[in-house]
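Notes for the one structure printed next.
The values are calculated or read from the model by the stated rules, or taken from the named source; none is laboratory data. Keep in mind it's a predicted model, so treat the numbers as computed, not measured. Positions of Cβ are backbone-derived with ideal geometry, glycine not excepted, and every protein chain shown enters the neighbour counts.
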Amino acid sequence: MKKFSFSLQKILEIKEQVLDNLKVEMGNLNRELSTVEQQIKNLKTEFKQLNDEFVEKCAVSVSVGEMTYYKMYMDNVLKQTEKKEEEKNIILKKIESKRHEIINANMEISSLEKLKENELEKYKKAFMKSEEIFIDEFVSNKSILNKYAM
């Protein structure tokens, strides 16, 4: 009997390769998210330091020009923070989408592997049946040869 071969093996391999690529993409998105979160944290720290400095200067005395400078600078930092928050939300949506793609790819691979297991089980049964038939024929032929040999 010929060696077992799964007819959809190439498709299974391609699906596994696609899954690996999706996992790499997910890792890249997670790194990108971490970077953006760190940038947001840095901007919030910068804003807090600016605000503290502004309050300190206001307690002593501050010119209108300096006050305007601090307000504009703090507004700029807030706008940057908002942009980074929007960027973070976009990345989170991409991550969620990628997560669904990974789940679907895993389900497809699982169904193909289950199909492969079923085909392998059928192959094993057919192989055992052919071995059994071969042994029966061998024993029958041996007993017939023994009868004629006597």
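One line per residue, one yes/no per condition, for (1) within 29 Å of Lys93 (Cα to Cα); (2) surrounded by 13 or more Cβ atoms within 10 Å (Cβ to Cβ); (3) out of contact with any strand residue (DSSP E or B) (no Cβ under 8 Å at 6 or more places or on another chain); (4) in contact (Cβ under 8 Å) with a residue 40 or more places away in the chain:
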{"site": "Glu16", "(1), (2), (3), (4)": "yes, yes, yes, yes"}
{"site": "Ser34", "(1), (2), (3), (4)": "yes, no, yes, no"}
{"site": "Glu37", "(1), (2), (3), (4)": "yes, yes, yes, yes"}
{"site": "Leu50", "(1), (2), (3), (4)": "no, yes, yes, no"}
{"site": "Phe54", "(1), (2), (3), (4)": "no, yes, yes, no"}
Next on the checklist: Based on this model, can you work out whether Lys44 counts as among the charged types (D, E, K, R), in a helix (DSSP H, G or I) and either surrounded by 13 or more Cβ atoms within 10 Å (Cβ to Cβ) or in contact (Cβ under 8 Å) with a residue 40 or more places away in the chain (or both)?
Outcome noted: yes
Checklist entry - Among the residues of region 113-129, which ones are out of contact with any Phe, Trp or Tyr (no Cβ under 7 Å at 6 or more places or on another chain) and surrounded by 12 or more Cβ atoms within 10 Å (Cβ to Cβ)? => result Glu113, Leu115, Ala126, Phe127
Checklist entry - Going by the conditions given, is Met107 modelled with pLDDT of 95 or more, hydrophobic (A, V, I, L, M, F, W, C), exposed (fewer than 15 other Cβ atoms within 10 Å of the Cβ) and more than 26 Å from Leu22 (Cβ to Cβ)? => result no
Next on the checklist: So, in region 63-104, how many residues would count as being surrounded by 15 or more Cβ atoms within 10 Å (Cβ to Cβ), among the aliphatic types (A, V, I, L, M) and free of Cβ contacts under 8 Å to residues at least 24 places away in the same chain?
Outcome noted: 0
Checklist outcome for this item: Within region 47-72, restricting to residues that are of a type in the set (Ser, Thr, Tyr), out of contact with any Phe, Trp or Tyr (no Cβ under 9 Å at 6 or more places or on another chain) and assigned to a helix (DSSP H, G or I), the one that is nearest to Lys98 (Cα to Cα) is Tyr69
Next on the checklist: So, Glu119, is that one closer than 30 Å to Phe6 by Cβ, at pLDDT 95 or above and out of contact with any Cys (no Cβ under 8 Å at 6 or more places or on another chain) or not?
Outcome noted: no
Checklist entry - Would you say Thr81 is over 17 Å from Leu43 (Cβ atoms) and of a type in the set (Ser, Thr, Tyr)? => result no
